1. Over the chain, with every protein chain in place, what whole percent of the accessible area is carbon and sulfur at 1.4 Å, could you tell me?
2. Cα centroid distance between the range 77-118 and the range 37-74, in Å?
3. In deg cm²/dmol, rounded to 500, what helix-only [θ] at 222 nm does the chain give when every DSSP H run of at least 4 residues adds -39500 (n - 2.57) and the total is split over its residues?
4. What residue among Gly100, Ala67, Leu166 has its Cα farthest toward the positive end of the dipole of the chain, where the charges are +1 on Lys, Arg and -1 on Asp, Glu, each on the Cβ?
5. Quick one: among Asn85, Asn76, Asn154, which has the greatest mean-square fluctuation in a GNM of the chain with alpha-carbon springs under 10 angstrom?
6. Once Rh is set to the Kirkwood radius over Cα pairs, what Stokes-Einstein translational diffusion coefficient, in µm²/s, holds for the range 81-163 at a temperature of 37 °C and a viscosity of 0.692 mPa s?
7. Could you work out the relative contact order of the chain, using alpha carbon pairs under 8 angstrom and six or more residues apart, expressed as a whole percent?
8. Binning every alpha carbon pair distance of the chain at 5 Å from zero, what are the percents per bin?
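The values are calculated or read from the model by the stated rules, or taken from the named source; none is laboratory data. Computed from a prediction, not measured in an experiment: that's the story for all the values here. Positions of Cβ are generated from backbone atoms using ideal geometry, with glycine treated the same way; all protein chains shown enter the neighbour counts. For accessibility, only protein heavy atoms count, side chains too; no ligands or nucleic acids. Shrake-Rupley method; radii C 1.70, N 1.55, O 1.52, S 1.80 Å.
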Amino acid sequence: MYIKEEVNNTLIIEKSRFIAYLRPCFNEEEYKEFLKEIKKKHYDASHVCSGFISDNIKRSSDDGEPAGTAGVPILNVLEKSNLNNTACLVVRYFGGIKLGAGGLIRAYGSAVSDALKIAKLVEDVTYPKYELSLSYDLANKVDYLINKEAIHINKEYDEKVKYTYLSSNDSLIDKIAEITSGIKPICVGKETVQKDV
């Protein structure tokens, strides 16, 4: 599961401003580029702390905050939310009041949690891909069924109607065969699609 698109959210605690940025990042290069971009945008910030997780790679940075008070809490929220391929940067503008180690841990964790509340999450799901060619009269009989039980449906009209669709519903094959007197879709591989969580 990962963030569909970049979001940001601002949290103010004891006059300090914490701006959390979440972005999908699929490798360390994307994460480093994101970090460079936000540091440039917020060149005057006190800190730009970060957490990044992608498969077995985990990175975090306190960026000058006391050790373990920023990067680790950011990463912890990403992990507890079961996120992958996601980077979170939290920009802090110091407001003049020290928060202490516990206060910083809570502030950075809350900044990430609040940003996650407005983020759209997605996951990559792999489905079997099928093709099916039918005469027009049979296509009229199965059209509703395929539209109801399959996803990413493509139809081409020629001498016959050719369907290409994705489905993990094995019973759909039998239902189509029943309606068409034995014509079954052919599995032609697999395709991965992004699905909202």
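1. Working: 5080 of 10710 Å².
Carbon plus sulfur share of accessible area: 47 percent.
2. The range 77-118 and the range 37-74 have Cα centres separated by 10 Å.
3. Details: 5 runs with 66 residues, N = 197.
Computed ellipticity for the chain at 222 nm equals -10500 deg cm²/dmol.
4. Gly100
5. Highest fluctuation among the options: Asn154.
6. Values: Rh = 18.0 Å.
It comes out at roughly 182 µm²/s.
7. Details: 393 pairs, mean separation 45.4, N = 197.
Answer for the chain is 23 percent.
8. Result returned by the calculation: 1, 8, 14, 15, 11, 8, 6, 6, 7, 7, 6, 5, 3, 2, 0, 0.
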